[in-house]
Each structure stands twice: as C-alpha cells, then as structure tokens.
Amino acid sequence: MRLCALLATLAGALLAVPGPVGWRLPSHSPRFERPGDVVLGGSFCILRFYNAVSLDFTALPAGPASSRVSSWGYLVAQSFVFAVEEINRSTHLLPNLTLGFSIRNSGDSVHGAMHETIAFLTGQEDPVPNYSCHRGPPRAAMVGDTRSALSVAMARLLGLYKFPQVSYASSLPTLSDKTQFPSFLRTRPSDLTASYAMTQLVLHLGWSWVGIITQDDFGQQAGNIASQELGQAGVCIDFHLHVPYHQSPEKIDTIARKMEKSTARGVLVFLTNSIIQLIIQRLVGIRVLGQVWVSETLLHTVIALATPGASWVLQGAFGLKLHSSHAHGLSEFFAHLHPSRTPEDMFLRRFWEATFGCRWPHGNYTAPSDMQLCSGNETLRDHKYPFQEVSRLEAAYPAVYSIAHALQDMVLCEHENSECGDPVHFQPWQLLQPLRKVSFQTPDGTHIMFDANGDLVTKFDVLQGQWSPEGQFYFVHIGNMYPHPSLENRMMILLKDSIQVPSSVCSTSCEPGSSQIPQQGAPHCCFECRPCPEGQFADQRGAQACGIICLQCPDEQYSSQSKDHCLPRTETFLAFDEPLGLVLTVVSLALASLACLILGVFLWFQKTPVVRANNRALSYVLLVSLSLCALSPLLFLGRPSTTTCLLRQITFAVVFTVAVSCVLAKTLTVVLAFKATRPGQRVRICLGPFASSSVVLAASLVQIILCGVWLGTSPPFPHKDTASEPGHLVLQCHEGSGIAFSCVLGYLGLLAIGTFSVAFLARGLPDTFNETKFLTFSMLLFCSVWTAFLPLYFSARGKATVAVEVFCILASTAGLLGGIFFPKCYLILLKPERNTPLSLRHEPWAQRDLGKGDPPSHRHSTISARPPSQQQDPGSQFLVPVLTTW
C-alpha cells in the first residue's frame with residue numbers, strides 16, 4: 001500500500017508540471033460512459049481547456065478552466081456512440097457481444113490527452129502509470145485523438161503497452177513510423193499522401209508553373225515533397241514561400257506581394273485556418289485575383305470563406321476531401337439528441353447551451369439579462385451545422401467499425417498465424433494483428449483497410465469553388481482520386497467533363513512543328529517557340545526533360561509542311577520514261593547510230609583518197625569508241641544498281657580515253673609525217689605501222705589501270721540522297737572514292753588538253769592530207785564542254801547531276817564526231833569529184849609547194865608543163881604514200 005501511495009504521489013507530481021502558463025488537470029473530468037462486454041475508449045476535443053492566469057509562484061497553480069465547446073468535437077464523439085449502438089444492434093457483427101464505451105475530453109491539450117489515456121488504462125480518476133485497479137470488462141482499444149500533437153503523445157504511451165489506438169483525424173506523417181508508434185492506426189491517410197494527391201491533381205490538370213506556400217514543420221515537409229515530386233515530373237516552381245510560426249503583418253504582406261508578382265496561376269497551399277485567413281485578407285486588400293488554390297484540407301479553405309471577399313480569391317480553387325463513410329441515420333441520430341434522453345452524457349448540456357445560446361438553470365444561478373434559459377423545447381432536427389459538407393462529422397464511425405471487425409476476426413481466428421482470443425478475457429495486444437489486417441465494407445459500402453503503415457487506404461473527393469446561377473459561392477464535387485497499384489503508385493483521377501480547368505503555365509505550348517528553346521536564366525518551363533528546320537519535326541514524341549525538341553526524320557522520310565510529322569519520300573531517279581530521260585535516250589541512240597553510219601560510209605569508200613588519207617585504222621577505232629561514248633549515257637539512266645554503278649563511270653572514262661587517244665595519235669601522225677620530209681630522218685621510225693596503235697594502247701592502258709585501282713579500293717555503289725530534293729529520295733550512284741574519281745577525270749582532262757595543244761600547234765599544216773584544223777576545233781569543243789562540266793556537276797543536286805554528266809558526254813561526243821568526220825563525209829558523199837587522186841594534186845597547198853623558189857609569174861606554167869610525176873618535190877613524194885597507206 002505504501003508503494004501504491006508513493007506511485008500515486010509521483011504520478012500526480014508529474015502530471016502537475018506546469019507548461020508556459022502552468023496549470024493542473026481537474027481531479028474529476030467529465031466523461032460519457034456505457035457498460036459493455038468489451039469497452040472502447042474515445043478521446044475527443046469537446047471542451048477546450050485554458051488558463052488565463054500566469055504563474056508567479058506565489059500561490060498554488062490554479063486548475064484549468066474549460067472555455068467554449070467544440071461542436072465539431074462533440075458531434076464526432078456522437079458518431080462514435082452511433083457506431084457502437086449500430087454494431088450492438090447488428091445480428092452478424094459481434095452478435096453475442098455488447099460494446100461499451102468511455103468517451104473522454106482531451107481538452108485539445110497534450111496534458112489532457114495523456115491524463116485521460118492513463119485514466120482509461122488504469123480505471124482510476126487519479127491515475128497511476130503502470131498500475132491498474134480495474135477489474136471490469138476488458139479495454140479493447142482507444143479511438144482518438146483529433147490533433148496530431150495529441151495523438152503522438154497518446155501513441156507513445158499506448159505503444160509501450162502495445163495497446164491499439166485508432167485515430168480518426170491525426171495526419172502527421174511521423175505517425176506512420178511503426179518503430180516509434182507500433183500500435184497506432186488511423187482511418188485517414190497521412191498528410192504526405194494528401195500532398196502527393198495534390199501533386200497528382202496538378203499533373204492531371206496539366207499545370208507546369210505553380211507556387212507553393214507552407215507553414216510549420218509539417219507544411220514545410222509536405223511542401224518539399226510536393227516540390228520534389230513536381231520537379232521530377234517537369235513542373236517548375238515559381239515561388240516557394242514559408243510562413244514562420246510567429247508570423248507578422250509585414251511577413252504576410254511580403255508573401256502577398258510575391259504572390260501578386262507571380263505569373264503562376266496554380267498555388268499549392270499547406271496552411272492552417274488562421275494563416276489562410278490572414279493571407280486571403282491581404283490578397284483581397286491588394287486585389288490579387290485569378291490565382292487558383294489547391295488545398296489538401298478543404299475544411300481550412302471553407303472556413304476561410306468567412307473572410308469578406310474571400311470567394312473572389314478562392315474562385316476556381318480545388319480542395320481534396322477524404323472520401324468518408326456516409327453513416328445512414330446519423331443525421332436523424334443527431335436530431336434526436338436531448339439531455340433528457342441521455343442524462344449520463346456530461347457534455348450534452350454544454351453543447352446544448354453553445355448551440356442554442358442559452359443556459360440551463362441550476363442552483364441559485366441567475367442568467368444575465370441578455371441570456372435566455374434553456375427550456376428543453378429546443379430541437380436539433382432542423383439545425384444547420386457550419387461547414388457540414390466538408391467537416392466529416394462521421395469521422396469516428398469507421399474507426400469503431402474497424403475495431404469491431406478486428407474483434408470478430410480475433411474471436412473467429414480469421415487470420416493465419418494469429419492467436420484466437422476470448423472476447424471477454426484477452427490482452428489488448430492480441431487485437432493488433434487482426435486490426436492491421438481488417439478489410440471490410442461499412443453499411444454504406446465504403447471499403448476500409450489499412451496499409452503496412454497503419455494508414456487508411458482510401459480515395460479522395462475533389463471539390464472546386466464555383467459560383468451558382470443564384471450568385472452563391474460554394475464548393476461542388478467534381479470528381480474522385482483513387483489509389484491504383486497498376487499505375488505505379490500514381491492515382492487514377494476521374495473529373496467531370498463540364499468543369500473549367502484553368503491554365504497555369506509560364507509559356508504557352510508551342511504549336512506542332514516548333515521546338516521549345518529555354519529562356520536564358522529562366523526555368524525550363526519558360527521557353528520560346530522556334531520552328532523546326534527542314535527535315536525535322538516536333539510532336540509529343542519529342543518531349544524531353546527540357547521540353548519539346550525537334551527530331552530528325554528518318555532517311556526515307558521528310559518533314560511535312562507543318563513540321564509536326566514525317567511523310568514518306570518519293571523515290572526518284574533519271575528514268576527512261578520521263579521527258580528528260582526520253583530526250584537523252586533518243587539523242588544517245590541517234591549519235592550512236594550516226595557514228596555507225598559514218599563508219600559504214602568509211603568502210604564503203606575505204607579505197608577513196610579521203611578515207612585513205614585520214615588513217616583508216618584510227619578512224620575506224622575512233623568511230624567505234626565514239627559510238628560507245630554515245631551509248632554510255634544509257635548506263636546513267638534508269639534505277640541505279642550495283643552493276644550500273646560499277647560500269648557507268650568506268651565505261652565512260654575508258655571509251656573517252658580511247659577516243660581522245662585516237663585523236664592524239666592521228667594528230668601526232670600528221671605532225672610527224674610533215675617532220676619526216678627527208679629520207680633517213682629518225683622521225684620516220686615513229687611512223688611505223690604500229691606507232692599509232694601504241695599511242696592509243698599506252699594512253700588507254702593508263703586509264704584502265706586507274707579504273708582498276710578505283711574498283712579495287714573504293715568502287716562506286718548505289719546511294720540514296722535525302723538532302724538534294726525535299727520530299728524525294730534520289731537514287732543515284734556514289735563515286736565511292738572522290739580521289740579516284742578525280743584522278744580518272746584528271747587524267748582524261750590532261751590527255752584532252754595535250755591533244756588540243758598538239759592539234760593547235762599543227763593547225764597550219766596542209767589541209768588536204770590532214771585534218772588538224774578540224775581536230776583543233778573538235779578538241780576545242782571537247783575541252784570547253786568538260787571545262788563547263790566541272791562547276792555544273794559539283795553545283796547540281798539530285799538527278800540533275802546525272803543529267804549534267806549525260807549532257808556533257810553527248811555534247812563532247814557530238815563535237816568529236818561532227819568536227820572530225822562531218823567534213824570528210826561531205827567530200828565523200830556530196831563532192832565525190834574532189835575525192836580523186838587527180839584533184840588532190842591540184843589542191844592549193846600542192847601549188848604552193850611546187851612553186852617554191854620560182855617567180856610568181858611562172859608557177860602555174862611550170863606545173864602545167866611538167867608531168868605529174870615530175871612536179872612533186874622530194875618531200876611531197878614521200879608524204880603522199882605515207883598518209884595514204886595508213
């Protein structure tokens with residue numbers, strides 16, 4: 001007994017330690033109790049404690065006094081009673097068990113919550129920790145409290161005994177830590193879950209430019225988490241303001257001014273009632289309108305509507321409301337409340353007085369003149385409670401049901417690895433396992449279950465502030481948010497289609513086909529729009545962490561005119577059936593036919609002096625090579641293939657080299673023939689029967705070697721050109737090695753220049769036995785064409801490149817063919833009288849040579865007097881046989 005007395009003394013001393021305005025708890029606190037087979041405890045803030053007297057330690061500290069009644073706290077306590085009575089009437093839930101309860105007043109005070117919790121555990125008015133004088137029915141669990149600060153204190157104490165605690169309103173994230181609070185559960189989610197739901201709503205609305213306002217430790221924690229989540233999703237934070245615990249008008253004004261300057265329309269709010277009202281007051285004063293608030297506690301926002309002008313600030317605001325049970329019959333239960341029906345309810349009279357503004361007469365109490373006495377005829381049936389649509393008056397209802405289902409599961413051993421308990425004799429810790437695993441539906445169909453942290457898994461109702469047609473401002477239900485495991489911890493959001501969703505962006509989204517260029521020194525949500533360049537496109541597939549960027553179209557596609565998608569390219573090449581290809585084909589065949597025709601003429605008239613004097617063998621080779629030159633453009637037309645790509649440039653280079661080398665051999669033969677005018681000269685050795693063939697073979701062999709090296713190292717191949725013609729895929733041959741191609745063309749160019757130089761120097765030799773003038777003219781055409789070819793070829797794009805090369809081939813072929821052979825064909829076909837040996841002797845050059853050294857007056861008579869065999873000088877006698885035999 002002495003030990004008990006000592007413990008009681010120590011407990012009283014501990015509980016009497018003063019706070020900032022120190023006070024002691026009353027010895028006998030009001031409560032509302034009913035007996036039962038199992039008793040549930042409930043801690044509610046019904047009567048708020050206060051003490052206006054500061055301590056000077058000159059007298060014993062006075063006890064606390066209770067001030068106003070919390071109507072919300074009392075009605076939530078009545079939802080607790082309603083749930084117990086409904087369960088006791090049930091025939092399928094604990095049918096053989098009657099639940100009792102003990103409702104206690106925490107006074108919205110940590111001291112009060114601790115006192116009532118220990119009193120409930122010990123069964124004593126002056127409780128002694130860890131000592132119980134209770135011998136009645138078992139205590140099953142404790143429901144409460146409202147504020148997280150109270151629940152934390154209770155949870156630390158109840159956790160020592162593993163005594164189940166189910167809170168109906170506390171939302172502090174720390175309470176989810178089961179290492180600190182192993183026996184704590186709650187029928188509402190954590191505030192972090194609510195803040196996470198806010199971020200999901202922001203993302204669903206498509207906002208990318210928002211502000212955040214926080215207060216106290218929780219608000220700052222929730223705001224930081226929201227900022228982190230939004231940042232990872234690409235949302236930019238324009239401002240992140242924190243309201244200090246000891247706020248001042250200057251600080252509130254600073255926050256309001258920053259909000260005024262912000263361009264973000266969406267604002268996430270993590271504030272309490274009082275701070276919300278202060279900020280709204282200031283925003284109304286400086287007329288900051290148009291911002292859309294998102295609050296995770298709708299009740300705070302609704303209460304703030306009492307501020308004049310608040311509806312204009314909160315227009316369009318979004319609020320989250322925990323989707324709670326709709327306890328059918330609860331309103332009727334509230335309507336039947338009356339002190340005469342439940343005299344054991346010590347709180348009802350105070351609630352009655354606060355509700356109707358009257359006083360119950362008792363003793364010698366005389367009511368003030370302006371205060372009426374309560375008659376008992378008042379009724380709660382038509383009474384409207386403030387903010388009833390968002391105040392969750394049924395908050396304790398699911399908490400009681402979860403305990404009842406846990407009791408039934410414990411009795412029926414519904415869960416594996418759990419001990420079956422005697423419903424009358426069990427330890428409270430035995431109830432924890434089934435309580436954590438409950439999964440049921442309340443009578444209204446609301447599903448109740450807890451996650452691994454003991455937090456309620458539930459959905460949120462989304463409400464929005466709107467004006468009614470009658471001009472009233474109210475919050476209307478516009479949708480729901482559901483936790484959805486298949487969405488990777490994201491929430492499924494369903495909103496009505498008719499709602500007006502405001503926009504909150506720093507920069508308006510770019511039109512399709514434009515990329516986002518971030519502004520210097522600004523977040524990535526602030527950007528400029530720039531059209532995509534040719535060949536690129538921009539759509540939602542180009543969305544990156546830094547915004548929409550332009551993507552390159554595949555090689556086989558090109559960007560549309562709007563640059564928002566890619567279109568397939570049309571394959572194009574210089575085909576035979578298109579007009580240009582058809583013209584080039586006709587010209588090519590015509591030139592080849594003409595060369596063959598001339599060859600036939602030369603073969604037919606091969607015995608005539610003109611054919612014999614033009615070196616028949618070289619003429620035949622030259623005509624064959626020119627016919628092949630005329631046909632080589634056919635390899636450039638049509639769809640390129642590996643074979644045509646390998647043959648076209650090689651064939652062109654080789655046959656043109658043969659043609660030019662034939663011209664060079666013919667020119668050298670004429671020059672050397674006129675140099676070898678005296679018998680015994682060494683130059684005559686170069687006029688042997690194989691001299692011209694050696695020139696052609698040697699010159700052609702060099703080109704063949706170059707082409708062989710080209711084919712062996714980097715041969716041409718088919719290539720798809722996407723850059724030359726927009727919208728087209730040009731099929732062409734790639735040279736493979738630009739150096740090899742340049743060497744082949746360079747050698748051909750050097751050979752042509754050398755031939756032209758020799759022909760130009762020999763242009764003054766006699767005209768009948770050589771064609772140096774015509775060779776000079778034809779090579780001049782050849783060099784001019786290919787000189788113009790180079791800049792045109794390298795500046796052309798697409799199939800125009802092929803057309804330029806084909807045109808140059810045909811033009812140079814026509815130049816050689818016409819410049820060399822047309823004059824001879826003219827003599828053979830149209831002037832046959834000049835194609836005889838006798839006419840050759842009367843050519844002007846013969847007259848000039850035969851009259852060397854004679855006076856001009858005697859030249860004609862001298863030639864006429866001598867026989868033809870005696871009129872030629874020794875050089876002429878040698879020259880004619882030489883040229884005519886080749």
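The values are calculated or read from the model by the stated rules, or taken from the named source; none is laboratory data. Note that this is a predicted model, so its numbers are computed, not measured. So basically every Cβ, Gly included, is an ideal-geometry build from the backbone, and we count neighbours across all protein chains shown.
What number of residues within the range 649-692 satisfy the criterion of being touching a Pro at 6+ places or on another chain (Cβ under 9 Å), at pLDDT below 70 and not in a loop (DSSP other than H, G, I, E, B)?
1
So that you can scan it fast, the table gives a plain yes or no per residue for (1) under 46 Å from the mean Cα position of the chain (by Cα); (2) at pLDDT 75 or above; (3) part of a loop (DSSP other than H, G, I, E, B); (4) more than 25 Å from Thr193 (Cβ to Cβ):
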{"position": "Leu299", "(1), (2), (3), (4)": "yes, no, no, no"}
{"position": "Val302", "(1), (2), (3), (4)": "yes, no, no, no"}
{"position": "Asp345", "(1), (2), (3), (4)": "no, yes, yes, yes"}
{"position": "Phe351", "(1), (2), (3), (4)": "no, yes, no, yes"}
{"position": "Gly363", "(1), (2), (3), (4)": "no, no, yes, yes"}
{"position": "Ala367", "(1), (2), (3), (4)": "no, no, yes, yes"}
{"position": "Ser375", "(1), (2), (3), (4)": "no, yes, yes, yes"}
{"position": "Pro386", "(1), (2), (3), (4)": "no, no, yes, yes"}
{"position": "Val390", "(1), (2), (3), (4)": "yes, no, yes, no"}
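May I ask you to list the residues in the range 817-831 that are surrounded by 13 or more Cβ atoms within 10 Å (Cβ to Cβ) and touching a residue at least 24 places away in the same chain (Cβ under 8 Å)?
Leu817, Gly818, Gly819, Ile820, Phe821, Pro823, Lys824, Cys825, Leu827, Ile828
Suppose the filter is free of Cβ contacts under 8 Å to residues at least 40 places away in the same chain and of a type in the set (D, E, K, R); does Arg68 pass it?
Considered against the rule, which asks whether it is free of Cβ contacts under 8 Å to residues at least 40 places away in the same chain and of a type in the set (D, E, K, R), Arg68 comes out as no.
Can you tell me which of Val235, Val288 is of a type outside the set (Ser, Thr, Tyr), within 30 Å of the chain's Cα centre (by Cα) and either in the same structural domain as Lys321 (by TED's automatic domain parsing) or crowded, with 21+ Cβ neighbours inside 10 Å (or both)?
Among Val235, Val288, only Val235 is of a type outside the set (Ser, Thr, Tyr), within 30 Å of the chain's Cα centre (by Cα) and either in the same structural domain as Lys321 (by TED's automatic domain parsing) or crowded, with 21+ Cβ neighbours inside 10 Å (or both).
Looking only at the range 418-473, count every residue that is hydroxyl-bearing (Ser, Thr, Tyr) and part of a strand (DSSP E or B) and tell me the total. Working first, answer last.
Initial filter on the range 418-473 (hydroxyl-bearing (Ser, Thr, Tyr)): 418, 439, 442, 446, 458, 468.
Filter once more, keeping what is part of a strand (DSSP E or B): 439.
Residues that pass the stated criteria total 1.
If you take the residues of the range 419-467 that are crowded, with 17+ Cβ neighbours inside 10 Å and of a type in the set (Ser, Thr, Tyr), which of them is nearest to Gly319 (Cα to Cα)?
Among residues in the range 419-467 that are crowded, with 17+ Cβ neighbours inside 10 Å and of a type in the set (Ser, Thr, Tyr), the one nearest to Gly319 (Cα to Cα) is Thr458.
Quickly run through the range 797-815 and pick out the residues that are within 23 Å of Thr572 (Cα to Cα) and among the polar types (S, T, N, Q).
If we filter the range 797-815 for residues that are within 23 Å of Thr572 (Cα to Cα), which is where we start, we get 797-810.
Selection gives Thr801 alone.
For the range 77-89, state whether one or more residues are basic (Lys, Arg), under 23 Å from Ala406 (Cα atoms) and out of contact with any Asp or Glu (no Cβ under 8 Å at 6 or more places or on another chain). Lay out the reasoning, then the answer.
First pass over the range 77-89, keeping only residues basic (Lys, Arg): 89.
Now restrict to residues that are under 23 Å from Ala406 (Cα atoms): 89.
Okay, now just the ones that are also out of contact with any Asp or Glu (no Cβ under 8 Å at 6 or more places or on another chain), so 89.
The answer is yes, given that some residue of the range 77-89 is basic (Lys, Arg), under 23 Å from Ala406 (Cα atoms) and out of contact with any Asp or Glu (no Cβ under 8 Å at 6 or more places or on another chain).
Find the residue count for the range 583-614, including only residues that are modelled with pLDDT of 90 or more and in contact with a Pro (Cβ under 7 Å, 6 or more places away or on another chain).
2
Among the residues of the range 426-463, which ones are touching a residue at least 24 places away in the same chain (Cβ under 8 Å) and closer than 18 Å to Ala197 by Cβ?
Within the range 426-463, Thr446, Phe450, Asn453, Asp455, Leu456, Val457, Thr458, Lys459, Phe460, Asp461, Val462, Leu463 meet the criteria.
Which members of the range 238-269 meet the condition of being surrounded by fewer than 17 Cβ atoms within 10 Å (Cβ to Cβ) and among the β-branched types (Val, Ile, Thr)?
Across the range 238-269, the qualifying residues are Thr254, Thr263.
Quick test of your reading of the structure: Ser340 fulfils all but one of (1) farther than 28 Å from Met259 by Cα; (2) hydroxyl-bearing (Ser, Thr, Tyr); (3) surrounded by 15 or more Cβ atoms within 10 Å (Cβ to Cβ). Name the failing condition by number.
Tallying (1) farther than 28 Å from Met259 by Cα; (2) hydroxyl-bearing (Ser, Thr, Tyr); (3) surrounded by 15 or more Cβ atoms within 10 Å (Cβ to Cβ), Ser340 fails exactly one: (3).
Within the range 224-261, can you find the residues that are part of a helix (DSSP H, G or I), in contact with a Ser or Thr (Cβ under 7 Å, 6 or more places away or on another chain) and of a type in the set (A, V, I, L, M, F, W, C)?
Of everything in the range 224-261, those that are part of a helix (DSSP H, G or I), in contact with a Ser or Thr (Cβ under 7 Å, 6 or more places away or on another chain) and of a type in the set (A, V, I, L, M, F, W, C) turn out to be Ile225, Ala226, Leu230.
Is one or more of the residues making up the range 591-609 closer than 21 Å to Gln703 by Cα and either surrounded by 22 or more Cβ atoms within 10 Å (Cβ to Cβ) or of a type outside the set (Asp, Glu) (or both)?
No; the residues of the range 591-609 include none that is closer than 21 Å to Gln703 by Cα and either surrounded by 22 or more Cβ atoms within 10 Å (Cβ to Cβ) or of a type outside the set (Asp, Glu) (or both).
Which of (1) at negative phi; (2) buried (at least 20 other Cβ atoms within 10 Å of the Cβ) does Ala575 not meet, given it meets every other one?
So Ala575 meets the others, but not (2).
Report, ordered by the first and then the second residue, all pairs with beta carbons closer than 7 Å, sequence separation of six or more or different chains, a first member in the range 490-512 that is farther than 23 Å from Ala538 by Cβ, and a second member that is part of a loop (DSSP other than H, G, I, E, B) and at pLDDT below 85.
Arg490/His484; Met491/His484; Met492/His484
Here is a yes/no grid of residues against (1) assigned by TED's automatic domain parsing to the domain that holds Gly319; (2) more than 30 Å from Trp207 (Cβ to Cβ); (3) of a type in the set (A, V, I, L, M, F, W, C); (4) buried (at least 17 other Cβ atoms within 10 Å of the Cβ):
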| residue | (1), (2), (3), (4) |
| --- | --- |
| Gly521 | no, no, no, no |
| Glu528 | no, no, no, no |
| Gln536 | no, no, no, yes |
| Ser559 | no, yes, no, yes |
